[in-house]
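J.: Pasting a structure here, questions to come.
The values are calculated or read from the model by the stated rules, or taken from the named source; none is laboratory data. Remember, predicted model here, so these are calculated numbers, not experimental data. Please note: Cβ atoms are built from the backbone with ideal geometry, for glycine as well, and neighbour counts cover all protein chains shown.
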Amino acid sequence: MPQTKPFHRQAALAFAAMPSKMLVGGVLLTAIIIIAVLGPWVAPYQYDQMSILARMKPPSAAHWFGTDELGRDVFSRTLVGAQMSLAIGLGATALSLVAGVPLGLLCGYKRGRFDEIVMRCMDVLLSMPPIMLGLLFLAVSQPSAWKAILAVGFVYIPVIVRLTRALTLDLANEDFIEAARARSERTWYILLREILPNAWPTIAVEGSLRITFAILLGAALSFLGMGAQPPSPEWGLMISGARPFIAQAPWIALAPGLSMCLTVIAVNLFGDGLREAIDPRTGSRGH
Amino acid sequence: MLFYVLKRFVAVVAVLIVISILVFTITQVMPGDVAHTIAGQFATPDVIAAIRVKLGLNDPVAVQYWRWVSGILVGDFGQSIVMERPVGSLIADAFGASAVLAGLSFVCVAVLGILFGVVAAVRKDGIVDHAISTFTYVGISIPEFFWGIVLIICFANYFQLLPSGGMGSFFSSPADWLAHLALPVVTLTLTLVAHVSRLTRSSMLETLNSQYVRNARAKGLSETTVVFRHALPNALMPTITVLALDIGWLIGGIVVVEMVFSYPGIGRLLMFAIERHDLPLIQASILVIALIYCLANLAADLLYALVNPKIRYGNAAD
Amino acid sequence: MSLLSIKDLTVTYGTGPSRLQALKGINLEISPGETVALVGESGSGKSTIAMAIMDMIDRRSVVGTIEFNGENLSAMDADKRRDMRGSRISLVFQDPFTSLNPSIRIGNQVAEGLIAHLGLSKREAQSKALDALREVGIADPEAVAKSYPHQLSGGMRQRVLIASALVCNPELLILDEPTTALDVTIEAQVLDLIQEISARRNVGVLFITHNLGVVNKIADRVCVLYAGQVLELGPKGSVLRSPLHPYTRGLLGSIPRLGERDRLRRLTPIGGRFPNLADPPAGCIFRDRCPFAEDGCGDAQQVRPVSDRLVKCWRAEEVSDFRWPEPPDAGSVPAVTADRRALVELDSVSKSFALPVTTIEWRRAFGAIPVPAPVKKRVDVINGISLSIAQGEIVGLVGESGSGKSTLGRIMLRLIQSSGGRVVFDGSDITASKERDLEGFRRKAQIVFQNPTSSLNPRRTIGNAIGRAFTVSGNGQGANRRAQVETLMDRVGLPKRYYDRYPHQLSGGEKQRAGIARALASHPQLIVCDEPVSALDVSVQATVLNLFLDLSRELQLAYLFISHDLAVISHVADRIAVLYFGKIVEEGPTNRVLQPPYHPYTEALLSAAASPDGDHQPGSRIVLSGDTTRRVAKGCVFQGRCPRQIGSICETMTPPVLEPAPGHRIACHLPLEELAAAASRVPGKFTASQESK
């Protein structure tokens, strides 16, 4: 169903009413983004600066989060790692939206053979667990962070297509779309100016939650060695690198891990608050 | 309903065929020549060429594909390059272990997820609801590998209660077997319980607001009857669908969890194969995993068809 | 002693700035065996009263006393009141399509109440449930009891709901708009059923509706509700025939009547907007819309007895002679032009849809091998219809759900592709034209929809939406466009300041007018109006209908006016076509169609139509049996339900087209003399100006 109020109005109203979820999430998220952007400059040490003497030291004044097995400052690495994780999250989501939304719009509006073919392809992609797909594509060539972004983005295209298609199917039944056809409007106009503005809020909310999935999946892939490569301070990679030393130096894994949780929770809070603002009736809908 | 079942079945078969082609094609593009790997670093070109002929690597791709597929259909998955054992037996062992892990986790997820969701919905906005909501929030935000590591730090290293990895044997010591399973199962369960309970809650809330529930209340039925007889069965239908999707999450999570806990399941086998570029093993592992996923989805669809009278009985007007 | 006694009921939702006063000071009594109709438009609070009686509203919002058979319900605890629900007081909800649990068999749903309230065993309850299903007129109760709701039609489901409400023998039956979602002929069946049941069981009935015609049919007393307050309460006959409260008068004046048609007589709508219940005006709640308002209306109003009823208006007797102001006439432009060539013609148009495949059958390939193949079924929605509309002519298309009327309208506009036949517009055959060649056609033929909310893009301002229609049709450029849009808005009665407003800020009637303005932007010659007033409140319908008529006269617009409401169509149309299951069974000038000779279906429709005037003699009513679900392959499309069916000829041979007067056609096997001998179903006379057509 199309929303009853224009999106920008609703978002503004929500901001003014400030449900605590959005407020907390928004503040947290802004902080994290600032950290991510400024990270490399603010960090006290270089992220790959090794020191044989200061290996696996617990947190102290000199090293707030301690050092890892190669003597690198965990705090600095965590700061710089924020950039990487956010990049994967945002990049992959952007990719899936850019590719998935137009496809979903066309499928939902045109129907027919095009829709059938595309949805079958999506079914095939969806019939593999996301991590499998990611592994499959990354195993093909030398893994790297960039390829991880592409893989994760690609993996989430079917979800976006399905969502956009479902929204379009619903909207296409509305009378104002039929009125547009009765005016001889072109298909691209109907999709872009009549359907998309009404579908956009729901897609935006879903997109914001996709970011969390993308961050987690990217980290998982890096953890398995299929994403960012050493000495990159990507959080998932840091955790996998810390695995052998868990007993002696748990802080190496805890710092990036907790940071990731915080980031994901922040995005979740913000996205949920956004969703509630748009459609207060549904409350906390599952994804 | 028969038609529905047949349609789904055909769809699954079609998808599997496409996946097999996909898997086969992609692994063909992998770097690292298989023959080179087998022959070793110092092999001469002649030896490599001979191996290529023996493995049939010079034949056209389509022929290689057909050879592979027809082998699978009779149960011959080929020979692992690295382990020098039939892939089939490797997978069978690993699959058994994963099945236990996945099965236990799935049961926990289903039971706890539905329970939490229903309770949260019925006691909406109460303390219990908020507690469950917070719990699920945190649950979906924590990646499995981190959660697993935290558990290891706590229970294995700090409290020394449970082993940090490996698998026990059920037949020699059930207690040990269970102890080895405890942490991996808890790790897998957490993220999914959060997911299922959120969905059950919202589905339940929607059902509780429906016209027919209102009608049941207007008939003066007790609240228990209304919730359990009228609302719950209808609310569970979307949950069934999502549980099927969650099997995919479960499988995805299994790879990571098995790596964290060094559990000898099929996920770990797959990672092992990828690292070593063990082609037959990779192909077979992915195909088996995809097969399980498709079958799980099919089972969920069938269950849904059984439970939803609109599909089971169709329209009398026809 | 009265069965139900409501004293001073006030319901207020929410607190602080979001307070909403849904009901204020309601006093109402129902005696055993009496049927009281609660009449009001949307937002009047009628459903709230029902929910308050059933204790299904948060008690903190409810103030006042409700007494049932002398017991004070308001003082009772929640469990005891819950026990009374469904056993002594029963409620039947409005929408039969969503009120039954889709996963539980009908029999179990009907029997539930017996097990819960009367403690019967499952077997006893099941057998009593079957009795209840039989009582509501279901022919095969065992089969229905085993079915699931989605396997039954709307009318059947409503009967099931009534059965489950009756099963514990309640003393009071509350029905909340039980027939609003049903077709007219089914509605007549259900209303008869309710009357019969209430007479036989001597239950008190509280019948909630917005339809004054239905009130006339079944009520003993009427209670008129507006914005949460009772404005008039009294015996049906006197309230409907000589209403005292200005609101009641306004309502009755704004309803189009069947049979009374004079294009120069305009409906008298109630102006203004529904009051804001969060901030109700001081004094009389109807003040802002009342044409007789004076300073004294600003004081708090009391309900007082006047002749045989109660009225909440201090001036009621005084203004009873005042005429309700008529809306300004658009001018005395003659309605008929000499040149009436056909603007659009449908020639033997058919449309069939493929049904989704649900079963397979086994066919033999190569003679012996059984091969599964999907069973492809098609349903004929429209079957060889020919219809033409002249320039400036209004043709009314009347039919029930499933008749294909919406599909026909869309085929005429080439929004749906026909499966056969031709569509000719202004002399050129556009049946097979490609989309890009239809641009010119689309400018000249537009559509107005039924649902005002869904017909406007929620993200476009009104001005933007109408302006876009202008731009596309090439009529408006740049700065000039805004002025043109505003002129158009003015023409349809929308204030200019609405240009920058979004649809959600407009009322239903205003949205509908915006839709009309949008349709007019390209200066069309034909507008297909698909049930344009069905979703509007009664008092608003009149404004929009007047607008339609004025525009047609002023701009020489032709309409295909689709509706299920014969009264509306008879007020608006020059010619009527009656549609049943994809075939036109009768067609002709309005006054001829409404008088005998009738096609049996037309006769049944007219008989079933509920009018607020006149007396209803139950004996003379024609009630059709069965449902609107069966489609037939050959013979007359009305077979099986026709009360005048001759025999097998109706099932095998297509009926011939009889023409009792030029332009008036009926498709029936019965001879014309028999059809002409039927009694007229339409009260009142036609004015002379229509006879000339």
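J.: Would you check if B:Glu206 is of a type in the set (Asp, Glu), away from chain A (no Cβ under 13 Å), surrounded by fewer than 24 Cβ atoms within 10 Å (Cβ to Cβ) and more than 24 Å from B:Leu104 (Cα to Cα)?
T.: no
Conditions (1) surrounded by 19 or more Cβ atoms within 10 Å (Cβ to Cβ); (2) touching a Leu at 6+ places or on another chain (Cβ under 9 Å), marked per residue:
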{"residue": "C:Pro372", "(1), (2)": "no, yes"}
{"residue": "C:Val381", "(1), (2)": "yes, yes"}
{"residue": "C:Ile389", "(1), (2)": "yes, yes"}
{"residue": "C:Val395", "(1), (2)": "yes, yes"}
{"residue": "C:Ile411", "(1), (2)": "yes, yes"}
{"residue": "C:Arg436", "(1), (2)": "no, no"}
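J.: If I filter the stretch C:177-197 for residues that are assigned to a strand (DSSP E or B) and either modelled with pLDDT of 90 or more or within 28 Å of C:Pro281 (Cα to Cα) (or both), do I get at least one hit?
T.: There is no residue in the stretch C:177-197 that is assigned to a strand (DSSP E or B) and either modelled with pLDDT of 90 or more or within 28 Å of C:Pro281 (Cα to Cα) (or both).
J.: Right, something else. Please find, within the stretch C:150-164, the residue that is surrounded by the fewest Cβ atoms within 10 Å (Cβ to Cβ) out of those that are in contact with an Asp or Glu (Cβ under 8 Å, 6 or more places away or on another chain) and either modelled with pLDDT of 90 or more or within 10 Å of C:Val136 (Cα to Cα) (or both).
T.: Taking the candidates together, the pick is C:Met156.
J.: Let me ask something else. Pull up the stretch C:464-493, narrow it to residues that are more than 10 Å from every other protein chain (Cβ to nearest Cβ) and not in a helix (DSSP H, G or I), then point me to the one that is farthest from C:Ser522 (Cα to Cα).
T.: The residue in question is C:Gly493.
J.: Filter the stretch C:138-147 down to residues that are buried (at least 21 other Cβ atoms within 10 Å of the Cβ) and within 9 Å of chain B (Cβ to nearest Cβ), then give me how many there are.
T.: Total meeting the criteria: 0.
J.: Further question: Output the number of residues of the stretch C:56-110 satisfying the condition of being among the aliphatic types (A, V, I, L, M), over 31 Å from the mean Cα position of the chain (by Cα) and outside any loop (DSSP other than H, G, I, E, B).
T.: Summing the residues that are among the aliphatic types (A, V, I, L, M), over 31 Å from the mean Cα position of the chain (by Cα) and outside any loop (DSSP other than H, G, I, E, B) in the stretch C:56-110 gives 7.
J.: Test A:Ser232 against the stated conditions and say whether it is assigned to a loop (DSSP other than H, G, I, E, B), more than 10 Å from chain B (Cβ to nearest Cβ) and surrounded by fewer than 22 Cβ atoms within 10 Å (Cβ to Cβ).
T.: Here the answer is yes, as A:Ser232 does meet what is asked.
J.: Check C:Ile208, C:Ile186 and return the single one that is within 20 Å of the chain's Cα centre (by Cα) and within 22 Å of C:Arg82 (Cβ to Cβ).
T.: C:Ile208
J.: Let me ask you something else. Any idea which of C:Ser563, C:Ser539, C:Ser570 is crowded, with 22+ Cβ neighbours inside 10 Å, among the hydroxyl-bearing types (Ser, Thr, Tyr) and at pLDDT 90 or above?
T.: Result: C:Ser563 is the single residue among C:Ser563, C:Ser539, C:Ser570 that is crowded, with 22+ Cβ neighbours inside 10 Å, among the hydroxyl-bearing types (Ser, Thr, Tyr) and at pLDDT 90 or above.
J.: Then there is this: For the condition more than 12 Å from chain B (Cβ to nearest Cβ), buried (at least 20 other Cβ atoms within 10 Å of the Cβ) and either of a type in the set (Val, Ile, Thr) or closer than 25 Å to B:Leu279 by Cβ (or both), what is the one hit in A:Ile131, A:Ile149?
T.: Criteria check complete, one pass: A:Ile149.
J.: Could you list, in sequence order, the residues of the stretch B:220-271 that are among the hydrophobic types (A, V, I, L, M, F, W, C), assigned to a helix (DSSP H, G or I), within 7 Å of another protein chain (Cβ to nearest Cβ) and more than 23 Å from the chain's Cα centre (by Cα)?
T.: none
J.: Can you tell me which of C:Ala432, C:Ala445 is surrounded by 23 or more Cβ atoms within 10 Å (Cβ to Cβ) and either modelled with pLDDT of 90 or more or more than 14 Å from every other protein chain (Cβ to nearest Cβ) (or both)?
T.: The unique qualifying residue is C:Ala445.
J.: Okay, next question. Could you please let me know if C:Glu361 is exposed (fewer than 13 other Cβ atoms within 10 Å of the Cβ), touching a residue at least 12 places away in the same chain (Cβ under 8 Å) and charged (D, E, K, R)?
T.: When the stated conditions are applied, C:Glu361 passes them.
J.: Which is among the aliphatic types (A, V, I, L, M), more than 27 Å from A:Pro129 (Cα to Cα) and surrounded by 13 or more Cβ atoms within 10 Å (Cβ to Cβ), of B:Leu115, B:Leu55, B:Leu6, B:Leu22?
T.: From the options B:Leu115, B:Leu55, B:Leu6, B:Leu22, the qualifying one is B:Leu55.
J.: Let me ask you something else. Might you check whether a residue that is of a type in the set (Lys, Arg), within 13 Å of chain B (Cβ to nearest Cβ) and either farther than 30 Å from C:Val448 by Cβ or part of a helix (DSSP H, G or I) (or both) occurs anywhere in the stretch A:236-243?
T.: yes
J.: Residue by residue through the stretch C:448-463, note down the ones that are at the interface with chain A (Cβ under 10 Å from one of its Cβ atoms) and not small (Gly, Ala, Ser).
T.: C:Val448, C:Phe449, C:Gln450, C:Asn451, C:Pro452, C:Thr453, C:Leu456, C:Asn457, C:Pro458, C:Arg459, C:Arg460, C:Thr461, listed by residue number.
J.: For the stretch A:23-53, name all the residues that are touching a residue at least 60 places away in the same chain (Cβ under 8 Å) and within 19 Å of A:Ile252 (Cα to Cα).
T.: If the condition is that a residue be touching a residue at least 60 places away in the same chain (Cβ under 8 Å) and within 19 Å of A:Ile252 (Cα to Cα), then A:Tyr47, A:Asp48 are the ones that fit.
J.: Could you tell me whether the stretch A:59-67 includes any residue that is touching a strand residue (DSSP E or B) at 6+ places or on another chain (Cβ under 7 Å) and either under 24 Å from B:Gly248 (Cα atoms) or assigned to a loop (DSSP other than H, G, I, E, B) (or both)?
T.: Checked the stretch A:59-67: at least one residue is touching a strand residue (DSSP E or B) at 6+ places or on another chain (Cβ under 7 Å) and either under 24 Å from B:Gly248 (Cα atoms) or assigned to a loop (DSSP other than H, G, I, E, B) (or both).
J.: Taking the residues in the stretch C:608-623 that are of a type in the set (A, V, I, L, M, F, W, C) and either under 25 Å from C:Ser242 (Cβ atoms) or outside any loop (DSSP other than H, G, I, E, B) (or both) as candidates, determine which candidate is modelled with the lowest pLDDT.
T.: My answer is C:Ala610.
J.: Go through the stretch C:371-387 and give me each residue that's more than 14 Å from every other protein chain (Cβ to nearest Cβ) and either over 26 Å from the mean Cα position of the chain (by Cα) or free of Cβ contacts under 8 Å to residues at least 40 places away in the same chain (or both).
T.: Matches in the stretch C:371-387: C:Gly384, C:Ser386.
J.: Now for a different question. Anything in the stretch A:247-287 that is under 16 Å from A:Leu216 (Cβ atoms) and modelled with pLDDT under 75? List them, or say none.
T.: A:His287
J.: Whether any residue in the stretch C:548-561 is in a loop (DSSP other than H, G, I, E, B) and touching a Leu at 6+ places or on another chain (Cβ under 8 Å) is what I want to check.
T.: Yes, because at least one residue in the stretch C:548-561 is in a loop (DSSP other than H, G, I, E, B) and touching a Leu at 6+ places or on another chain (Cβ under 8 Å).
J.: Considering only the stretch A:219-229, state which residues are facing chain B (nearest Cβ under 8 Å) and more than 13 Å from B:Pro143 (Cβ to Cβ).
T.: Once the filter is applied, which keeps residues that are facing chain B (nearest Cβ under 8 Å) and more than 13 Å from B:Pro143 (Cβ to Cβ), the stretch A:219-229 yields A:Gly225, A:Met226.
J.: Output the residues belonging to the stretch B:272-318 that are of a type in the set (Lys, Arg) and within 14 Å of chain C (Cβ to nearest Cβ).
T.: Answer for the stretch B:272-318, where residues must be of a type in the set (Lys, Arg) and within 14 Å of chain C (Cβ to nearest Cβ): B:Lys310, B:Arg312.
Per-residue answers, yes or no, for (1) at pLDDT 90 or above; (2) in contact with an Asp or Glu (Cβ under 8 Å, 6 or more places away or on another chain):
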site: C:Ser18; (1), (2): no, no
site: C:Ser31; (1), (2): yes, no
site: C:Thr35; (1), (2): yes, yes
site: C:Val39; (1), (2): yes, no
site: C:Met51; (1), (2): yes, no
site: C:Met54; (1), (2): yes, no
site: C:Leu91; (1), (2): yes, yes
site: C:Gln109; (1), (2): yes, no
site: C:Leu120; (1), (2): no, no
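J.: Also, quick follow-up: So which residues in the stretch C:356-388 are in a strand (DSSP E or B) and farther than 30 Å from C:Glu587 by Cβ?
T.: C:Ile360, C:Glu361, C:Trp362, C:Arg363, C:Arg364, C:Ala365, C:Ile369, C:Pro370, C:Val371, C:Pro372, C:Ala373, C:Pro374
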